[in-house]
1. Look at the stretch 163-184 and say how many of its residues are part of a loop (DSSP other than H, G, I, E, B) and surrounded by 21 or more Cβ atoms within 10 Å (Cβ to Cβ).
2. Being of a type outside the set (D, E, K, R), modelled with pLDDT of 65 or more and outside any helix (DSSP H, G or I) is the filter here, so list the residues in the stretch 122-154 that pass it.
3. Within the stretch 121-131, count every residue that is out of contact with any Ser or Thr (no Cβ under 8 Å at 6 or more places or on another chain) and under 23 Å from LEU51 (Cβ atoms).
4. Return the pairs, sorted by first residue and then second, in which the second residue is assigned to a helix (DSSP H, G or I) and among the aromatic types (Phe, Trp, Tyr), the first residue lies in the stretch 32-46 and is under 17 Å from ILE56 (Cα atoms), the beta carbons are less than 9 Å apart, and the residues are 6+ apart or on different chains.
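The values are calculated or read from the model by the stated rules, or taken from the named source; none is laboratory data. Here the structure is a predicted model, which is why all the values come from computation and not from measurement. Cβ: placed from backbone, ideal geometry, glycine included. Neighbour counts: every protein chain shown.
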Amino acid sequence: MIQVLIVEDDFRIASIHQQLLNKIKGVNVIGTVGSGDEVINFLQKNNEVNLILLDIYIPNKLGIELIPEIRSQFPKIDIIVISASTEKDHVERCLKYGVLYYFIKPLTFEKLEQTIQSYAQKKMLMENQVEIDQGFIDSIFNKEVHTEKAQYPKGIDPLSLENARNILKGFADYITTEEMAEKMGVSRTTARRYLEYLVSTNEIKAELVYGIVGRPERKYIVKFIKS
């Protein structure tokens, strides 16, 4: 679960952002604050925050001035800026400070969802990966080789695919679509798409398993997954 702190002085916008985040599976809004002073106080009392959605124009201290302070005191916390500012200096400083993304208000739910899910997948990959190679690094930094990326069909993202493979390695026998969806933090339709792709590449196999009553369930044999 990704724990998010919203930093926004306009309570109406903060409420909209929270509503959008509540629609994203695997995300929890742990708090909302409206000034620079409140940010540091909140983080000092709550060590569960993974991600901050940060506005730049907030009382007491500009968000852009808060970023290096957060980086210094709470280095494991990631930051996404959501601001009305279009100043070049602000964008350049955010890049320098390692901000994950910079949204210019108003933002769309689709773009926010895509960004948060990509962040969550990268975080999960880093936590689960045992060995680091160049392919893994390329996927984390979104530097896929174009010829390799073109091989994937529509709807198959290399980063999500690597996440699916790592999840499968944690199962000894079968996995269902529902189990995969829960582990990936996506819908069952999306999880099934990745499972069926892995079937098509002969990395796993699928079969129908009949229960005592009801329709047969399609399960995926994970012992064939490549190491």
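1. Narrowing the stretch 163-184 to residues part of a loop (DSSP other than H, G, I, E, B): 169-173.
Narrowing the set further to residues that are surrounded by 21 or more Cβ atoms within 10 Å (Cβ to Cβ) leaves none.
Of the residues in the stretch 163-184, 0 are part of a loop (DSSP other than H, G, I, E, B) and surrounded by 21 or more Cβ atoms within 10 Å (Cβ to Cβ).
2. GLN129, VAL130, ILE132, PHE141, GLN151, TYR152, PRO153
3. 7
4. Close Cβ pairs satisfying both conditions: THR32/PHE11; VAL33/PHE42; GLY34/PHE11.
Table: residues versus (1) touching a strand residue (DSSP E or B) at 6+ places or on another chain (Cβ under 8 Å); (2) under 17 Å from LEU107 (Cα atoms); (3) crowded, with 16+ Cβ neighbours inside 10 Å.
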site: ARG12; (1), (2), (3): no, yes, no
site: HIS17; (1), (2), (3): yes, yes, yes
site: ILE24; (1), (2), (3): no, yes, yes
site: ILE40; (1), (2), (3): no, no, yes
